[in-house]
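Participant: Below is one structure. I have some questions about it.
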Amino acid sequence: MPSRFDFDAAYYERFYLDPRTRVADSEDVEIQARFLASYLDYLKIRVRRILDLGCGLGRLRVPLLARFPRARYTGVEVSEHLCAELGWVRDSVVTYRSRRRYDLVICQDVLQYLDEAEAEEAMLNLARLCRGALWFGALTREDWDENCDQSRTDSNGYVREGTWYRERLAPAFVCAGGGVFVARRAGVVMYELDRAE
């Protein structure tokens, strides 16, 4: 699964480890895990299987497993460097297959590195793999122009409008806000004003 981008040790050092250039720190990750666990509890989505596609350093693994102690975590990563170092499954969000369906699928900051055809296939794969909730994020045109710190954000990749992602996720997911998308097949009751559509 070759990538057009080099997700080597230098990439992770710059965007994840170096305090001068990283985008987020461990406190941010802890807040994200607390939010996800609380919101999925509110939605009554029981989490036993977690799939993190493009898991990188796997920073969400420990805080999520602390909140979902009966869950199993699977980290999937395209970076040969990280798979060798951390033992993740080496695959991509486009090609990873499993007979299992996951209660929580995480795909954060991955799809902007895929061209349009690959990103569309990846979103179909997310729908196949998810039976509960998807926590999804990608750098959008709006975020690049208005929200992110451009000196700390990787400018490589394909920057698309947010509506491009929403339209392609909508057939399989209901947007619940905060980057949480509930699988339509999950049977979760989503009150009208809980939807972010």
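Participant: When the residues of the stretch 173-197 are narrowed to those that are over 16 Å from the mean Cα position of the chain (by Cα) and among the small types (Gly, Ala, Ser), which ends up farthest from residue 119 (Cα to Cα)?
Facilitator: Checking each candidate, the answer is 187.
Participant: Which fully enclosed helices (runs of 4 or more DSSP H) of the stretch 1-67 have 3 or more residues being in contact with a strand residue (DSSP E or B) (Cβ under 9 Å, 6 or more places away or on another chain) and either aromatic (Phe, Trp, Tyr) or at pLDDT 60 or above (or both)?
Facilitator: Numbers: elements: 9-12, 26-42, 61-67.
Of the helices (runs of 4 or more DSSP H) lying wholly inside the stretch 1-67, those with at least 3 residues that are in contact with a strand residue (DSSP E or B) (Cβ under 9 Å, 6 or more places away or on another chain) and either aromatic (Phe, Trp, Tyr) or at pLDDT 60 or above (or both) span 26-42, 61-67.
Participant: Filter the stretch 119-145 down to residues that are at pLDDT below 95 and not in a strand (DSSP E or B) and give me whichever is surrounded by the fewest Cβ atoms within 10 Å (Cβ to Cβ).
Facilitator: 145
Participant: If residue 146 passes every condition in (1) over 26 Å from residue 40 (Cα atoms); (2) touching a Ser or Thr at 6+ places or on another chain (Cβ under 9 Å) but one, which one does it miss?
Facilitator: Among (1) over 26 Å from residue 40 (Cα atoms); (2) touching a Ser or Thr at 6+ places or on another chain (Cβ under 9 Å), residue 146 violates only (2).
Participant: While we're on this one: Being modelled with pLDDT under 95, under 16 Å from residue 108 (Cα atoms) and of a type in the set (Gly, Ala, Ser) is the filter here, so list the residues in the stretch 68-91 that pass it.
Facilitator: 79
Participant: Give me the pairs: first residue in the stretch 125-145 and free of Cβ contacts under 8 Å to residues at least 24 places away in the same chain, second residue among the acidic types (Asp, Glu), beta-carbon distance under 6 Å, and six or more apart or on different chains, which are they?
Facilitator: Listed pairs, sorted by first residue: 141/161.
Participant: How many of the residues in the stretch 152-197 are in a strand (DSSP E or B) and either in contact with a helix residue (DSSP H, G or I) (Cβ under 8 Å, 6 or more places away or on another chain) or free of Cβ contacts under 8 Å to residues at least 60 places away in the same chain (or both)?
Facilitator: 9
Participant: Any chance you could count how many residues in the stretch 159-176 are more than 16 Å from residue 142 (Cβ to Cβ) and exposed (fewer than 13 other Cβ atoms within 10 Å of the Cβ)?
Facilitator: Summing the residues that are more than 16 Å from residue 142 (Cβ to Cβ) and exposed (fewer than 13 other Cβ atoms within 10 Å of the Cβ) in the stretch 159-176 gives 1.
Participant: Can I ask one more? For the stretch 74-95, how many residues meet the condition of being outside any strand (DSSP E or B), within 20 Å of residue 124 (Cα to Cα) and of a type in the set (Asp, Glu)?
Facilitator: The total comes to 1.
Participant: Additional query: Looking at 109, 103, 194 in this structure, which one is closer than 29 Å to residue 70 by Cβ, modelled with pLDDT of 95 or more and acidic (Asp, Glu)?
Facilitator: Going through 109, 103, 194 in turn, the sole match is 103.
Participant: So which of 89, 93, 78 is among the β-branched types (Val, Ile, Thr) and surrounded by fewer than 16 Cβ atoms within 10 Å (Cβ to Cβ)?
Facilitator: Just one listed residue meets the conditions, 89.
Participant: Assess whether residue 109 counts as being on the phi > 0 side of the Ramachandran plot and crowded, with 17+ Cβ neighbours inside 10 Å.
Facilitator: Details: on the phi > 0 side of the Ramachandran plot: yes; crowded, with 17+ Cβ neighbours inside 10 Å: yes.
So residue 109 fits the description; yes.
Participant: Does residue 46 fit the bill of being among the basic types (Lys, Arg) and free of Cβ contacts under 8 Å to residues at least 40 places away in the same chain?
Facilitator: no
The values are calculated or read from the model by the stated rules, or taken from the named source; none is laboratory data. This one's a predicted model, so the numbers in the text were calculated from it and none came from an experiment. Glycine also receives a Cβ, built like all others from the backbone with ideal geometry; neighbour counts cover every protein chain displayed.
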